[in-house]
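Student: Would you mind keeping the following structure in view while I ask a few things?
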Amino acid sequence: VHAYRDLSSALGALSAEKSELWVAGSNVLHATTATLASTFNSTIRGGFTEYCDSLEDREDGAISVIDGDNKYAPFAVSVSVGATCFVERMKICRSGTRNITKSGSGILSMFRCVISDCAKTEQGVGIYLSGGENLFDACQFKNLKYSSHECAGAALYVTDANKVSLKNCVFEKNGDFDSHYARDGHGGIAVYSFDAPVIADGCKFIGNVER
């Protein structure tokens, strides 16, 4: 077991031999984006406290936080072909640009995560995703806002990917925060895919609007 004082160092230490990271508490970024280049299968799990010795010790519903402090992008991940990055029980929020940026031909799979609370002039304020097949299961996308007549997909913007599967996800109160642009018409307020199939099963879309 190895302990790290900051998230960036912990992500940098992941390898094919040490491929699983447990995250405890709230991690506010003070210097730079938390970045992972995954050429191997990797797992990031949240919901831990200092008293947890196993997955079973986690309290039901507990999550851990990566907070960009409205200055930094909380999480950027590149997943190589043939590899999967699995993320569970994490809240990723308050980015200076986008909460999550995913690239590479590998798979990003997220389970019971919360992507929330970001308002920027960007496509894909919640997640900007490209490459591979990607899965989001029981995730929540909330309070993700853009402000530009050229923007779309406040919660999830997809380009150059093979497929995206959304299962039992909630998209709530995403859209634009500046009514000046509403008359220009946004496409795909919550989710927008430029060229990839998106399959949504059992998802809820609540109050995603442009004003």
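Student: Those residues that are surrounded by fewer than 16 Cβ atoms within 10 Å (Cβ to Cβ) and in a strand (DSSP E or B), I need them from the stretch 192-206; list them, please. Write out each step before concluding.
Tutor: Restricting attention to the stretch 192-206, the residues satisfying the condition of being surrounded by fewer than 16 Cβ atoms within 10 Å (Cβ to Cβ) are 194-195, 197, 199, 201-202, 204, 206.
Result: I199, D201, K204, I206.
Student: Could you check the stretch 17-114 for strands (runs of 3 or more DSSP E) lying wholly inside it with 3 or more residues that are of a type outside the set (K, R), closer than 25 Å to V125 by Cβ and open to solvent by 60 Å² or more (accessible area, probe 1.4 Å)? Step through it out loud before you land on a result.
Tutor: On the way: elements: 20-24, 26-28, 34-38, 42-48, 64-67, 75-79, 84-88, 90-93, 100-103, 107-111.
Qualifying strands (runs of 3 or more DSSP E): none found.
Student: Could you go through the stretch 124-140 and let me know if any residue there is within 16 Å of N208 (Cα to Cα) and open to solvent by 60 Å² or more (accessible area, probe 1.4 Å).
Tutor: Yes: one or more hits.
Student: Mind counting the residues in the stretch 127-176 that are of a type in the set (D, E, K, R), in a strand (DSSP E or B) and more than 16 Å from K91 (Cβ to Cβ)? Steps first, answer last, please.
Tutor: Kept after step one, since they are of a type in the set (D, E, K, R), are these residues of the stretch 127-176: 133, 137, 142, 145, 150, 160, 163, 167, 172-173, 176.
If we keep only those that are in a strand (DSSP E or B) as well, we get 133, 137, 142, 145, 163, 167, 172, 176.
Adding the requirement that they be more than 16 Å from K91 (Cβ to Cβ) leaves 133, 145, 163, 167, 176.
So the answer is 5.
Student: Here's something else I'd like to know. Filtering the stretch 115-126 down to residues that are within 15 Å of the chain's Cα centre (by Cα) and part of a strand (DSSP E or B), which residue is nearest to C85 (Cα to Cα)? Explain how you work it out, then say what you get.
Tutor: So in the stretch 115-126, the residues within 15 Å of the chain's Cα centre (by Cα) come out as 115-119, 122-126.
Adding the requirement that they be part of a strand (DSSP E or B) leaves 115-119.
On the way: I115: 16, S116: 20, D117: 23, C118: 23, A119: 26 Å.
Looking at residues that are within 15 Å of the chain's Cα centre (by Cα) and part of a strand (DSSP E or B), I get I115.
The values are calculated or read from the model by the stated rules, or taken from the named source; none is laboratory data. These figures come from a predicted structure and were not determined experimentally. Positions of Cβ are generated from backbone atoms using ideal geometry, with glycine treated the same way; all protein chains shown enter the neighbour counts. Just the protein is used for accessible areas: all its heavy atoms, side chains included, with ligands, DNA and RNA removed. Shrake-Rupley method; radii C 1.70, N 1.55, O 1.52, S 1.80 Å.
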